[in-house]
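**Q** If you scroll down you'll find the structure; I have some questions about it.
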Amino acid sequence: METRLARDLMSDEEWAFFERFILAVRAPNGRKPSNHRVVLAGIFWIARTGAPWRDLPEEFGKWSSVYRQFRRWTLAGLWEQIMEALNESGAVPDALQMIDSTVVRAHHQAAGAKGGTPRQGFGRSRGGFTTKIHLLVNAAGLPMRTEITAGQASDYLGFDLVMTDNLPKPSVLLADRGYDSDSIRKTMNSRDVVPVIPMRKSRKMRVGVDRSLYRLRNLVERCFNKLKNARRVATRYDKTAESFLGFIDIASIRLWIRHLSCMDAPFRASGI
């Protein structure tokens, strides 16, 4: 049974979008679709507030049931499937893309998962116990791919993780000087992508930069700010990399839906 709190967290249009993907991954003996809306709204509440699962309001059902469903959807790749459909929809321009990273503090209770902290994307940086989020956005400032590494990991590693072949190829890629390396420039040139990256001071062979175009890179920084409105993203409470990435993807998908809902024919025009 839907509650007022669930309806406030998710519009009918947003639920209609998510429902088709949820039905596609639902096990034959799984929870009925009518309850999935309330469960999904409960997951949104956790993402927005950053609260512990045990503090989930009773309107969403038992916290343990909502948590288990979140894990099932996450491990089934639901959020990745939705992101893939959004990227392939052609609803927004993607010839211009931007890449960047940000470091988020991890709560001390996030430690202790099986496999050790490096495997789960934890590390030590100047900010302490941290995780680094690597983000690729399109010309509308919407997330295309997110990955995580330990907080002290190089941006070069993040570049290799998010610039995958299954995404729409950019014509121009904007990045800060943290991505200024011969290997990255060579990779972009081999893909017929123009890299707009300021040079490090140590670079001997100077490369020109279109400053007017480079100013558009603020779109990726603004995207990080929007993602961090979800407190479960701004601070990492999750022990496993899968769960933390799941919340990042959920926040990313909701940014897409908000953007598409402002268009004339939001989901029909996008073909999703």
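The values are calculated or read from the model by the stated rules, or taken from the named source; none is laboratory data. Since the model is a prediction, treat every value here as computed from it, not as a measurement. A quick note on method: Cβ atoms are made from the backbone with ideal geometry, for glycine too, and the neighbour counts reach across all protein chains shown. To get the accessible areas, we keep the full protein, side chains included, count just its heavy atoms, and leave off ligands, DNA and RNA. Shrake-Rupley method; radii C 1.70, N 1.55, O 1.52, S 1.80 Å.
**Q** Per residue, how much accessible area does the chain have with a 1.4 Å probe, in Å²? Intermediate values should be presented prior to the final figure.
**A** On the way: 13590 Å² over 272 residues.
Accessible area per residue: 50 Å².
**Q** Okay, next question. Could you give the nm distance between label points at residue 214 and residue 62, where each point is 7 Å from its Cα heading toward the beta carbon?
**A** 5.7
**Q** Moving to a separate point now. Quick one: how many Å² of residue 238 are accessible to a 1.4 Å probe, rounded to 10?
**A** 10
**Q** Next question. Please list, in chain and number order, the residues 5+ apart from residue 100 or on another chain whose amide H is under 5 Å from its amide H, with Hs placed from the backbone.
**A** Those qualifying (amide H under 5 Å, at least 5 residues apart or on another chain) are 135.
**Q** Per Stokes-Einstein, at 4 °C and 1.567 mPa s, what whole-number D in µm² s⁻¹ belongs to the range 77-202, with the Kirkwood radius over Cα pairs as the hydrodynamic radius?
**A** Estimated diffusion coefficient is 83 µm²/s.
**Q** Step through the residues of the range 137-154 one at a time and calculate ³J(HN,Hα) from phi using the Karplus curve (6.51 cos²θ - 1.76 cosθ + 1.60, θ = phi - 60°), rounding each to whole Hz and writing x for Gly and Pro.
**A** Couplings: 10, 9, 5, 8, x, 9, x, 10, 8, 10, 9, 10, 9, 4, x, 8, 5, 6 Hz.
**Q** For the range 127-193, what Kirkwood radius comes out of the mean inverse Cα-Cα distance, in Å?
**A** Kirkwood radius, the range 127-193: 12.9 Å.
**Q** Multiply the residue gap between residue 25 and residue 258 by 0.36 nm, knock off their C-alpha separation, and tell me the result in nm, one decimal place.
**A** Result for the pair: 81.5 nm of gain on full extension.
**Q** Continuing with the same structure: Can you give the FRET efficiency to the nearest 0.05 for residue 156 and residue 55, using r as the Cβ-Cβ distance and R₀ = 51 Å?
**A** 0.85
**Q** Also: So if we plug the beta-carbon distance of residue 81 and residue 35 into 1/(1 + (r/R0)^6) with R0 = 22 Å, what FRET efficiency do we get, rounded to 0.05?
**A** 0.60
**Q** Looking at 61, 237, 170, which one has the Cα that reaches farthest to the positive end of the dipole of the chain (charges on Cβ: Lys, Arg +1; Asp, Glu -1)?
**A** Of the options given, the answer is 237.
**Q** If I take every Cα pair under 8 Å that is 6 or more residues apart in the chain, average their sequence separation and divide by the length, what percent do I get for the relative contact order?
**A** It comes to 22 percent, rounded to a whole number.
**Q** Still on this structure, I have one more. Just want to confirm a number: the relative contact order over the range 140-198, from Cα pairs under 8 angstrom separated by 6+ residues, in percent.
**A** 32
**Q** Using a 1.4 Å probe and counting only protein heavy atoms, arrange 201, 62, 132, 239 so the residue with the most accessible area comes first.
**A** 201, 62, 239, 132
**Q** Another question, then. Tell me which GluC sites (Glu not before Pro) from the range 63-150 have a DSSP coil assignment and no more than 12 other beta carbons within 10 Å of their own.
**A** none
**Q** To continue, here is another question. Counting only DSSP beta bridges with both residues in the chain, tell me the antiparallel percent, nearest 5.
**A** 70
**Q** To continue, here is another question. Could you work out how far apart the two model spin labels at residue 194 and residue 221 are, taking each label as a point 7 Å from the Cα in the direction of the beta carbon, and quote it in nm?
**A** Simple spin-label model gives 2.3 nm for this pair.
**Q** What is the gain in length, in nm to one decimal, between residue 13 and residue 72 on full extension, counting 0.36 nm per residue of separation less the C-alpha to C-alpha distance?
**A** Extra length available between residue 13 and residue 72 comes to 18.9 nm.
**Q** In the full protein assembly as shown, how much of residue 194 is accessible to a 1.4 Å probe, in Å² to the nearest 10?
**A** 80
**Q** Computing the accessible area with a 1.4 Å probe over protein heavy atoms, can you report the carbon and sulfur percentage for the chain?
**A** Here it works out to 49 percent.
**Q** Alpha carbon centre of the range 81-136 versus the range 182-255: separation in Å?
**A** Taking the Cα centre of each part, the range 81-136 and the range 182-255 sit 10 Å apart.
**Q** Let me know the shape class of the range 11-96, please: from the alpha-carbon gyration tensor, a ≥ b ≥ c as square roots of the eigenvalues, rounded when a/c is under 1.5, otherwise prolate if a/b is greater than b/c, or oblate.
**A** Values: a/c = 2.04, a/b = 1.57, b/c = 1.30.
Cα axes put the range 11-96 in the prolate bin.
**Q** Additional query: In the set (i) 160; (ii) 120; (iii) 137, which value of volume of the Cα convex hull per residue in Å³ was calculated from the structure you see?
**A** (iii)
**Q** Which sequence of 259, 108, 36 reflects their accessible areas, 1.4 Å probe, from the largest down?
**A** 108, 259, 36
**Q** Further question: From the protein chains alone at 1.4 Å, what is the descending order of accessible area for 252, 11, largest first?
**A** 11, 252
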